[in-house]
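> Questions regarding the structure given below will be posed in turn.
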Amino acid sequence: MNFNLTQIPERILKPRKSGITMVMDKGLSQEEVKNFLSIGHPHVDIVKLGFGTSFVTPNLREKIEVYRTYDIPVYFGGTLFEAFLIRNQFQDYINICQDYGIEYMEVSDGSITIPHAEKCGYIEKLTKFGTVLSEVGSKDAAHIIPPYKWIELMRAELEAGSTYVIAEAREAGNVGIYRGSGEVREGLVQEILTQIPGEKIIWEAPQKAQQLYFIELLGCNVNLGNIAPTEILPLETMRLGLRGDTFHLFLDKENAS
């Protein structure tokens with residue numbers, strides 16, 4: 001850090017297993033990636049190439065290599081996994097991940113219906129090839145999953161080998177753990193946390209109010225995902241109490257003037 005400030009909460013250092021910030025890259029150019037990482041790389045843990053963008057990205061290998069030079073793992077969005085799966089190309093998906101040196105893989109069923117035992121089977125198979133993230137929740141706002149089911153699904157996917165479960169919100173933050181307005185379904189979140197360890201969940205939180213909610217609830221080292229590249233430094237300042245929203249959150253009330 002550039003200055004000495006007391007009463008700054010302690011962030012877990014990279015490479016970290018908790019306090020993760022997952023960035024969603026929805027189509028940055030190589031130069032934009034270089035610019036973004038030149039200032040953001042200390043605060044980025046994983047990058048998701050959103051939905052199916054990796055299929056249409058020119059010079060994909062070179063772009064992935066830019067992230068690799070900063071030791072930042074990249075993975076393909078879960079929608080791409082589903083696109084391969086629905087076409088009966090699961091092995092092709094594995095081959096492509098290996099070909100591109102992708103060591104993180106997302107298993108999701110937000111766009112297609114997969115029997116849950118089968119989904120857990122895919123998770124188990126992919127653990128042989130890298131780190132698996134599995135997403136729980138539907139992209140269909142009309143499909144409301146009750147809390148007990150979220151817990152059941154998350155627990156089974158962690159037992160199948162997922163390193164983290166991702167709580168679905170889409171890139172807009174208006175489904176899954178959120179209402180259509182973007183408001184957090186607080187009862188759902190708090191019930192999930194009674195059964196699933198917070199450090200094993202990545203909460204998709206593209207909106208500032210959503211990020212604030214989870215920092216206030218779980219502290220500066222909460223795992224947050226679907227963060228826009230331009231929001232990396234603003235999010236990190238919010239984690240550290242250096243933004244108006246969290247300014248008083250970590251101060252010692254007796255010693256702060």
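We did not get these values from a lab; they are worked out from the coordinates using the rules stated. These figures come from a predicted structure and were not determined experimentally. In this analysis, Cβ positions are derived from the backbone assuming ideal geometry, glycine residues included, and neighbour counts consider all displayed protein chains.
> Using only helices, what value at 222 nm comes out for the chain when you add -39,500 (n - 2.57) per DSSP H run of length 4 or more and divide by the total residues, to the nearest 500 deg cm²/dmol?
Numbers: 10 runs with 96 residues, N = 257.
Taking each H run of at least 4 residues, the total per residue is -11000 deg cm²/dmol.
> Which angle from 0 to 90°, rounded to the nearest 10, does the C-alpha axis of helix 147-160 make with the longest principal axis of the chain?
Rounded to the nearest ten degrees, it is 70.
> Counting other C-beta atoms within 10 Å, which of 122, 100, 178 has the fewest, and how do the rest follow?
Numbers: 122 20, 100 15, 178 29.
Going from sparsest to densest Cβ surroundings: 100, 122, 178.
> Rg and Dmax of the chain over Cα atoms: what are they, in angstrom?
According to the Cα coordinates of the chain, Rg and Dmax are 18.2, 63 Å.
> Hey, another quick one. With +1 assigned to the C-beta of every Lys and Arg and -1 to the C-beta of every Asp and Glu, and no other charges, what is the dipole magnitude of the chain about the Cα centre in debye, to the nearest 20?
With Lys and Arg at +1 and Asp and Glu at -1, about 120 debye.
> Measure nothing fancy, just the Cα-based angle from helix 116-126's long axis to the longest principal axis of the chain, in degrees from 0 to 90, nearest 10.
Between the helix axis and the principal axis of the chain, the angle is about 80 degrees.
> If each of residue 228 and residue 98 carries a label point 7 Å out from its Cα toward its Cβ, how far apart are those two points in nm?
It is 3.9 nm.
> In vacuum, with every alpha carbon of region 1-128 counted as one equal point scatterer, what does the Debye formula give for log10 I(q)/I(0) at q = 0.15, 0.18, 0.22, 0.23 Å⁻¹? Two decimals, please.
Ignoring solvent entirely, the Cα scatterers give -0.77, -1.02, -1.34, -1.42.
> Summing Lys, Arg as +1 and Asp, Glu as -1, what charge do residues with Cβ under 15 Å from the Cβ of residue 192 carry, residue 192 excluded?
Here the count lands on -4.
> Here is a further query. Compute a Gaussian network model of the chain, connecting alpha carbons closer than 10 Å, and tell me which residue from 147, 73, 115 fluctuates the most.
Among 147, 73, 115, the largest mean-square fluctuation in the Gaussian network model of the chain belongs to 115.
> Which angle from 0 to 90°, rounded to the nearest 10, does the C-alpha axis of helix 60-69 make with the longest principal axis of the chain?
Here the helix axis deviates by roughly 40 degrees.
> Amide H to amide H under 5 Å from residue 226: which residues, 5+ apart in sequence or cross-chain, H placed 1.01 Å off N in plane?
HN-HN under 5 Å from residue 226: 22, 24, 205.
> If R₀ is 25 angstrom, what is the calculated FRET efficiency for the pair residue 144 and residue 183, using the beta carbon separation as r and rounding to 0.05?
0.95
> Let me know the number of lysine pairs in region 21-246 closer than 18 Å at the Cα, not counting same-chain pairs under 8 apart.
Pairs that pass both the separation and distance tests number 14.
> So how much slack lies between residue 90 and residue 4, counting 0.36 nm per residue of separation and subtracting their Cα-Cα distance, in nm?
Length gained, residue 90 through residue 4: 25.9 nm.
> Taking amide H atoms as placed 1.01 Å from N in the peptide plane, list the residues 5 or more away in sequence, or in a different chain, whose amide H sits under 5 Å from that of residue 101.
The answer is none.
> Right, something else. Order of 68, 239 from fewest to most other C-beta atoms within 10 Å? Kindly include the intermediate steps, with their values, before the conclusion.
Values: 68 12, 239 25.
If I rank by nearby Cβ atoms, fewest first, I get 68, 239.
> OK, next. Give the long-range amide H neighbours of residue 106: residues separated by 5 or more places, or on another chain, with amide H under 5 Å away, using H modelled in the peptide plane at 1.01 Å from N.
76, 133
> How large is the charge dipole for region 1-104, taken about the Cα centre, if only the Cβ atoms of Lys, Arg (+1) and Asp, Glu (-1) carry charge, to the nearest 20 debye? Each step should come with its number before you reach the end.
On the way: 11 positive and 12 negative charges, 45 e Å.
Here the size comes out at about 220 debye.
> Now a separate question. In nm, give the distance between the simple-model label positions of residue 13 and residue 32, each being 7 Å from the Cα along the Cα-to-Cβ direction.
3.3
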